[in-house]
Amino acid sequence: MRLRETSEEQRFRADLRRWLDATLPTLPEPPRDRDDWPARRAHDTGWQRRLFDAGYAGIAWPREYGGRGATPTEELIFLEETERAGAPYVGCCFVSTLHAGPTIAAEGTPEQRATYLPGILRGDDVWCQGFSEPGAGSDLASLRTRAVRDGDHYVVSGQKVWTSNAQVADYCELLVRTDPDAPKHRGITWIVMPMDSAGIEVRPMKALTGVGEFSEMFLDEVRIPVGNVVGAENDGWRVAMVTFGFERGTAFVSELLGSMRLLSDLVEIAKKTPAGAGRRSTAWDDAGTRRELATIGAELDAQWALTKRNVSRAQRHGTVGVGGSIFKLAYHDTRERMGEVALRVLGRARLALDDPAGVSARHLDHVEERLYVLSLAIAAGTEQIQRNIVGERLLGLPKER
Ligand SMILES: Cc1cc2nc3c(=O)[nH]c(=O)nc-3n(C[C@H](O)[C@H](O)[C@H](O)COP(=O)(O)OP(=O)(O)OC[C@H]3O[C@@H](n4cnc5c(N)ncnc54)[C@H](O)[C@@H]3O)c2cc1C
């Protein structure tokens, strides 16, 4: 791992900063209604298009697939600078740019890369992930959605659940069972399902936050061309592991950088929020609170160092490996405690709609954010599953039966 920036990397940072400074003030406001999915799609894909036009889309993807071919260090600089500048979150383009696209780049045929990658990079197409089913979440290999071969097509029937952004997606990275008689990990296929195919019913579900991010997806004899299989028939479990490698790898980096920014906001707020007897002191005057904030800061710094290590490893070995699971476990733990300290520091101000003390605290005091953090323990593989991975693959503990 190399931590010092070369002069080329410094130039990359300076150019990016200039571009962000010039571009961000010209962006439209994000939609006020968080449940207006067409508007959210338009906003997120609009940002992706700006990145594309400026040559920053697919920052770490190989140049031959339309990416920028940036080094891991440049990728981290990109994430750091966009977050520092308050650039929009990847949003509806999460699946397409952060794991479906990279999976197709790594495992797809030349025709599949030519068909799907340009639309992802330009922000023309939004993707969703049809992996989980009722009864097949952690135990994903038990999935039952059936694909039966009929000439040049598969006929697919079954049910998916927790499909984020399904209501605005153009394509779905879908796992189906193609051989019901094979051992469960061996009869699965990874296939691209166009979301305008006949036989797909998307039923949005309200999450705890009140926003309909997820949907149930019912598939009734959906015909998908055989040519849409990525990897080989019945080789889908291996391809899904490639997808998870990307999903658990660097997909949470912007989250981490966002949390670092929120922590500095929180320190500013603590210095201004009245606390103690007669409210004559501030939250910052309390040594215990300062210690807690410092501990969280140190943990986030350590997780940033772990991210750099994971990214270096991914460059050498293709995936981040167990480091992705360790990062996810550590990050969620820190983020939970940060939310608790934030509520204490903010005191009564957490109930206010206005930002306290002139510092934006919308991510800290907002009830929605506190509820959202709970999902970090489940999304992209639950905490228990990550612990199993760390136990078996890193610590050499006996395998789960
Ligand atoms: C924000 C968010 C977005 C999501 N988006 C998508 C999406 O777009 N597409 C998609 O396909 N899915 C998506 N999911 C679903 C997610 O992948 C599943 O929720 C997750 O894999 C867990 O599956 P489950 O909900 O069925 O829980 P279960 O697997 O039923 O688990 C229930 C509990 O049992 C524990 N458990 C289960 N097995 C074991 C074991 N072997 N050892 C120890 N403990 C165990 C789990 O840790 C958990 O606490 C999303 C989830 C969230 C929260």
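The values are calculated or read from the model by the stated rules, or taken from the named source; none is laboratory data. Note that this is a predicted model, so its numbers are computed, not measured. We place every Cβ from the backbone using ideal geometry, glycine too, and count neighbours over all the protein chains shown. Side chains are part of the model used for accessible areas, which takes the heavy atoms of the whole protein and leaves out ligands, DNA and RNA. Shrake-Rupley method; radii C 1.70, N 1.55, O 1.52, S 1.80 Å.
Brief remarks on what is shown
- Of all residues making up segment 378-401, the number that are touching a residue at least 24 places away in the same chain (Cβ under 8 Å), within 8 Å of the ligand (Cβ to nearest atom) and closer than 14 Å to GLY137 by Cβ: 6
- Members of segment 131-151 found to be part of a loop (DSSP other than H, G, I, E, B), more than 8 Å from the ligand (Cβ to nearest atom) and open to solvent by 40 Å² or more (accessible area, probe 1.4 Å), listed by number: ARG144, GLY151
- Restricting VAL95, VAL156 to residues that are within 16 Å of the ligand (Cβ to nearest atom), of a type outside the set (Gly, Ala, Ser) and not assigned by TED's automatic domain parsing to the domain that holds ARG186 narrows the list to VAL95.
- Single residue of segment 81-123 satisfying the filter (among the aromatic types (Phe, Trp, Tyr) and open to solvent by less than 50 Å² (accessible area, probe 1.4 Å)) that is nearest to GLU213 (Cα to Cα): PHE94
- Odd one out for GLU133, checked against (1) modelled with pLDDT under 95; (2) in the same structural domain as THR163 (by TED's automatic domain parsing); (3) touching a Ser or Thr at 6+ places or on another chain (Cβ under 9 Å): (1)
- Looking only at segment 159-190, and only at residues there that are open to solvent by less than 10 Å² (accessible area, probe 1.4 Å) and away from the ligand (no atom under 14 Å from the Cβ), the one that is nearest to the chain's Cα centre (by Cα): THR189
- Pairs where the first residue, in segment 104-123, is more than 16 Å from ALA57 (Cα to Cα) and the second is open to solvent by less than 50 Å² (accessible area, probe 1.4 Å) and in a loop (DSSP other than H, G, I, E, B), C-beta under 6 Å, 6+ apart: GLU107/GLY231
- Residue in segment 76-92 that is nearest to the ligand (Cβ to nearest atom), counting only those that are within 15 Å of PHE252 (Cβ to Cβ) and of a type in the set (A, V, I, L, M): VAL90
- Selection status of VAL211, within 11 Å of the ligand (Cβ to nearest atom), open to solvent by less than 40 Å² (accessible area, probe 1.4 Å) and out of contact with any strand residue (DSSP E or B) (no Cβ under 7 Å at 6 or more places or on another chain): yes
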